[in-house]
Amino acid sequence: MFADMRRKDREMTPDETLKLLSGAEYGVLTVVGRNGYPHPVPMNYAWKEGAIWLHCAKEGSKLDDIRANAKVSFCVVGDVEVLAEGFSTRYASAIVYGVISEVSGEAAEAGLFALVEKYSPGYLTEGKAYVSRASADTCVLRMDVRHMTGKARR
């Protein structure tokens, strides 16, 4: 179903890919737009329990697209350094393909708290209170992985 990576010499190990995915600052979720075009959306996210956790408003075109087609991809890039004299770039990237769904209840609170743990690790107590207040007004999405690749030019 998924093509093999052409540049095997740049393929990252699964552990390297997961490390990048766990630590990148943000990623780009791409959904299949209802107009047939890819619809990329930069988003904060957390990687936890083998899934990508995201949050958003309860309405919008991204959610409409997801409700029409739950197949998505997610991309992160890190360790970027432009090598001007070599007309190249040093980088590491991960692309994840999967199926995304809206979650609620305890799963939604766990997903939101994963975001607190990643982006506000010094405020976990306050974060728990925030999650309790915000979870009813927030859409939480869980992306389950079907395929993942990592590629780097070192």
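The values are calculated or read from the model by the stated rules, or taken from the named source; none is laboratory data. None of these values were measured; they are calculated from a predicted model. No Cβ is skipped: glycine too gets one built from the backbone with ideal geometry, and neighbour counts run over all protein chains shown.
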Item to check | Residue list for the range 94-118, filter: closer than 10 Å to residue 54 by Cβ and of a type in the set (Val, Ile, Thr) | outcome: 100
Item to check | Of all residues in the range 65-91 being in contact with a helix residue (DSSP H, G or I) (Cβ under 8 Å, 6 or more places away or on another chain) and modelled with pLDDT of 95 or more, the one that is nearest to residue 129 (Cα to Cα) | outcome: 76
Next on the checklist: Report every pair of residues separated by at least 6 positions or lying on different chains whose Cβ atoms are under 9 Å apart, first residue within the range 117-131 and more than 17 Å from residue 44 (Cα to Cα) and among the aromatic types (Phe, Trp, Tyr), second in a helix (DSSP H, G or I) and modelled with pLDDT under 95.
Outcome noted: 123/130
Checklist entry - Among 54, 20, which is the only one that is at pLDDT 95 or above, closer than 30 Å to residue 120 by Cβ and either assigned to a helix (DSSP H, G or I) or polar (S, T, N, Q) (or both)? => result 20
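To keep it simple, each residue is scored yes or no on (1) β-branched (Val, Ile, Thr); (2) at pLDDT 95 or above; (3) outside any strand (DSSP E or B); (4) surrounded by 17 or more Cβ atoms within 10 Å (Cβ to Cβ).
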residue	(1), (2), (3), (4)
118	no, yes, yes, yes
123	no, yes, yes, no
132	no, no, yes, no
135	no, no, yes, yes
Item to check | Given (1) out of contact with any helix residue (DSSP H, G or I) (no Cβ under 8 Å at 6 or more places or on another chain); (2) within 25 Å of residue 135 (Cβ to Cβ); (3) part of a strand (DSSP E or B), index of the condition residue 62 fails | outcome: (3)
Checklist entry - Just to be sure, is residue 51 within 22 Å of residue 107 (Cα to Cα), of a type outside the set (S, T, N, Q) and touching a Leu at 6+ places or on another chain (Cβ under 7 Å)? => result no
Next on the checklist: Take the residues in the range 16-47 that are crowded, with 17+ Cβ neighbours inside 10 Å and among the small types (Gly, Ala, Ser); name whichever of them is nearest to the chain's Cα centre (by Cα).
Outcome noted: 27
Checklist outcome for this item: Picking from 114, 94, the residue that is within 13 Å of the chain's Cα centre (by Cα), under 14 Å from residue 74 (Cα atoms) and modelled with pLDDT of 95 or more would be 94
Next on the checklist: I'd like to verify a number: residues in the range 48-68 that are more than 17 Å from the chain's Cα centre (by Cα) and either surrounded by 15 or more Cβ atoms within 10 Å (Cβ to Cβ) or not hydrophobic (A, V, I, L, M, F, W, C) (or both), how many?
Outcome noted: 6
